[in-house]
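Structure first, then comments.
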Amino acid sequence: MDFFVDSFLSSLILIRTVDPALLNIVYVSLKVSLLSTLIAGAVGIPFGFVVAVTEFAGKRAVITLLNTLLALPTVVIGLFVYMFISRRGIFGVFDLLYTQKAMIIGQVILIVPVVTTFTITAISRIDTRYRRTAMTLGADRIQTAMVILREARFGIVASVVAAFGRVISEVGISMMLGGNAKGFTRTMTTAMALEYDKGEFVLAVALGIILMSISLVMNILLNYFQGRTAV
């Protein structure tokens, strides 16, 4: 019990003093996760919109595949991307392995299905009368799409929030593609794993507190936006 209390108190002191090493790890985590989320949103939201409003052969199969990808383990994605960007891979010439770019690529693959699936769900809940009314009033396709997106905005934002929460806490992709390089690709989760292996818990506990705080904020935001979509 004393060990836990000492580690916890020491971690709070580390956070309060704004330790440079701690700050750098948090910065790398937030930078990579935010960029991954923005790219995934730019891909997943339009794709989800098209799938939701368009009827085509194989639509159910596409949705089933997206739902399956939601449970895809991060280590599988890490291995898949590794095969392509390693020196012997197709994209090995770009020297991406063990860089933040590699981490972003893997994380985008991880959360695009999250954004897409949540977007499909949000748009599918919108009453079709909105679309018909907009078209009756003379709206073109782009204007009609904007009406639908406006009505589904809370659900779409919830998809982005959920994706960020998923990616900020993952460890497999960051470890396999980033290499956990100090000051460059070391994230909160990989640093926690490293500190645990070394038997040094103060930094790990401090990072855990910060990560839990971020996750709490993400869940509060997610519940808020999900609540708005239910209204």
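Within the stretch 171-231, the ratio Rg/Rh, alpha carbon atoms throughout and Rh by Kirkwood, equals 1.16.
Please compute, over every Cα-Cα pair in the chain, the percentage with a separation greater than 23 angstrom. Please report the intermediate quantities before stating the final value.
Numbers: 14865 of 26565 pairs.
Result for the distance tail: 56 percent.
Rg/Rh for the stretch 38-121 stands at 1.05; both radii use Cα atoms, and Rh follows the Kirkwood definition.
Nothing charged except the Cβ atoms of Lys and Arg (+1) and of Asp and Glu (-1): what's the magnitude of the dipole of the chain about its Cα centre? Round to the nearest 20 debye. Mind showing how you got there, number by number?
Details: 19 positive and 12 negative charges, 188 e Å.
Around 900 debye, computed over the chain.
Expressed in Å, the radius of gyration and Dmax of the Cα atoms of the stretch 156-200 are 12.5, 42.
Against the empirical curve 2.2 N^0.38 Å, the C-alpha radius of gyration of the stretch 1-59 lands at a ratio of 2.07. Positive-end ranking of LEU22, PHE49, VAL32 along the dipole of the chain, with charges on Cβ about the Cα centre, is headed by PHE49. Which listed residue (VAL171, THR64, ILE220) has the Cα farthest towards the positive end of the charge dipole for the chain, taking +1 on Lys and Arg C-beta and -1 on Asp and Glu C-beta about the Cα centre? The listed residue farthest towards the positive side: THR64. Of the residues SER213, SER11, SER169, the one that moves most in a GNM of the chain with alpha-carbon contacts below 10 Å is SER213.
Bear in mind these aren't lab numbers, they're just calculated from the coordinates by the rules spelled out. Keep in mind that what you see is a predicted model, and the values were worked out from it rather than measured. Backbone-built Cβ (ideal geometry, glycine too); neighbour counts: all protein chains shown.
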